[in-house]
1. Is there any pair linking a residue in the range 38-57 that is without any contact (Cβ under 8 Å) to a residue 40 or more places away in the chain to one that is surrounded by fewer than 16 Cβ atoms within 10 Å (Cβ to Cβ), with Cβ under 9 Å and at least six apart or on different chains, and which?
2. Among (1) modelled with pLDDT of 90 or more; (2) at positive phi, which single condition is Lys296 missing?
3. Run down Arg205, Arg169, Arg201 and say which single residue is touching a Ser or Thr at 6+ places or on another chain (Cβ under 7 Å), at pLDDT 85 or above, surrounded by fewer than 21 Cβ atoms within 10 Å (Cβ to Cβ) and not small (Gly, Ala, Ser).
4. Are there any pairs, at least 6 apart or on different chains, whose C-beta atoms fall under 8 Å, with the first in the range 148-166 and in a helix (DSSP H, G or I) and among the hydroxyl-bearing types (Ser, Thr, Tyr) and the second open to solvent by 30 Å² or more (accessible area, probe 1.4 Å) and at pLDDT 85 or above, and if so, which?
5. Of all residues in the range 123-152, which are among the small types (Gly, Ala, Ser) and at pLDDT below 80?
6. Answer yes if at least one residue in the range 101-122 is modelled with pLDDT under 80, more than 22 Å from Lys66 (Cα to Cα) and crowded, with 22+ Cβ neighbours inside 10 Å, and no otherwise.
7. Out of (1) over 27 Å from Leu356 (Cβ atoms); (2) modelled with pLDDT of 85 or more, the odd one out for Pro258 is which?
8. State whether the residues of the range 350-363 include one that is surrounded by 16 or more Cβ atoms within 10 Å (Cβ to Cβ), farther than 29 Å from His302 by Cβ, of a type in the set (A, V, I, L, M, F, W, C) and under 21 Å from the mean Cα position of the chain (by Cα).
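The values are calculated or read from the model by the stated rules, or taken from the named source; none is laboratory data. Not measured: the values here are computed from a predicted model. Virtual Cβ from ideal backbone geometry, glycine too; neighbours counted across all protein chains shown. Just the protein is used for accessible areas: all its heavy atoms, side chains included, with ligands, DNA and RNA removed. Shrake-Rupley method; radii C 1.70, N 1.55, O 1.52, S 1.80 Å.
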Amino acid sequence: MATVAEHQEVMPGVKRQRNGAEKEKISTTSPFMPMFEAFRDELDEHHDRRERIIKASRDITATSKKIVRTLKSSIPEKIALETEERAAGIQKLFAEIVPDLAGINSWRYQRQISGGIQEYMEAISFQHYLRYQKLITVQEAARSLPDGTGLTQDDYVLGIFDLVGELMRFAITTMATTGSLPGAKNDAESVGDRTILVDLRQLRRNFEGMDTTSCSGSGLGKDLEKKMEVMKTCVEKVETAVYGMIVRGRERPKGWVPDLADDRALLASRPLLTQSITSAVLFATGDVMAQQLVEKKGLKNHEYARSGRMALYGGAVFGPAATTWFRFLQNKIVLKNKNLEIAARVVCDQTIFTTLNLGAFLSSMAIMEGTSPKEKLDKTYVTALQKNWLVWPAVQAVNFKFVPLDHRVLLVNVVALGWNCYLSYLNSH
């Protein structure tokens, strides 16, 4: 008699008739299966290759940004060594994906590697400019890449567009710390010397004279309008800073930074910090107005902790969040019809940022006061949101249409003096 173990070894996988006889095995092999298995293997290989290229591109981008941040006009030996080590790391990353970019794959995965190549272009062109005060050529840039890694003209041009931003930051920082314009032999008023401003203006002229009618479907065609706008803004910032240094600062000592309201130099160099401090001050001011002008508490009964909470929220939450949000809208919502673009930005601002920010404000105030966030939201959120939509869509439409990006948070904070006064009053009642 067969044991249970023997039955377990015999029975699985055996199909039988009703009378117990074993069924005849029928071949189920399809002639199409090998073909689909080959497709499956090819797709698996494609996705693995694509992921490797994307990861390498991100690593190259991060390392390139580190190189840019460490570079200065006169490169000390320690920084030069650090830059060389990072450049060697980038070369290694490129070399690892050379087999994945062979042949037709160099175009198949162009979109995945393009971002990393552009950041690399920005880093090496900035380094080249600091050393030789010249723009690196496309041939020189291509030779710096490992064999098998192609540099397209689109990636080269887009990388040079990004270089303008780094040159702007470098120029303003140098003027603020040394009192002179980079590149000048004697001082910023030297007429015959070629300064960084002369080079930036030359780049702007060349960019504006480009004929891009034949590349509307390429990466250059898609990013050109946005990059062109940012490039012009960067050159204008340097021109404004130079004006402040030469015309208004002839008798100023070295190290003087142009006033924020006139020249925007400080705002350009440290936008997040500047906007956070401004927001903290104006949020606290709005609460003081609420307590003294609306509630008429007087100095004796003034709740300083309440003003402190408003300042903390304005500086730690609203300032950084609004600065990042306005930059996101500026870069991501770009339409050919400018009026439609402004309308889209206002709708996004009022449906996404406003609803989240108002909820965060009321909840954080409740937490800092030691009360229930749910109760606070149930009691005041809908009322505050309705009042918000009566005021802010029109304000933001004007803000997006007429105010430069760096001053949008400032305008919001100034207009919000009255709004914060209302919010503070609403939150306390």
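1. His46/Arg108
2. (1)
3. Going through Arg205, Arg169, Arg201 in turn, the sole match is Arg169.
4. Final answer for the pair search is Tyr156/Val138.
5. Result: Gly148, Gly150.
6. Within the range 101-122 (the criterion being modelled with pLDDT under 80, more than 22 Å from Lys66 (Cα to Cα) and crowded, with 22+ Cβ neighbours inside 10 Å), the answer is yes, since at least one residue qualifies.
7. Here Pro258 clears every test but (2).
8. Looking through the range 350-363, at least one residue is surrounded by 16 or more Cβ atoms within 10 Å (Cβ to Cβ), farther than 29 Å from His302 by Cβ, of a type in the set (A, V, I, L, M, F, W, C) and under 21 Å from the mean Cα position of the chain (by Cα).
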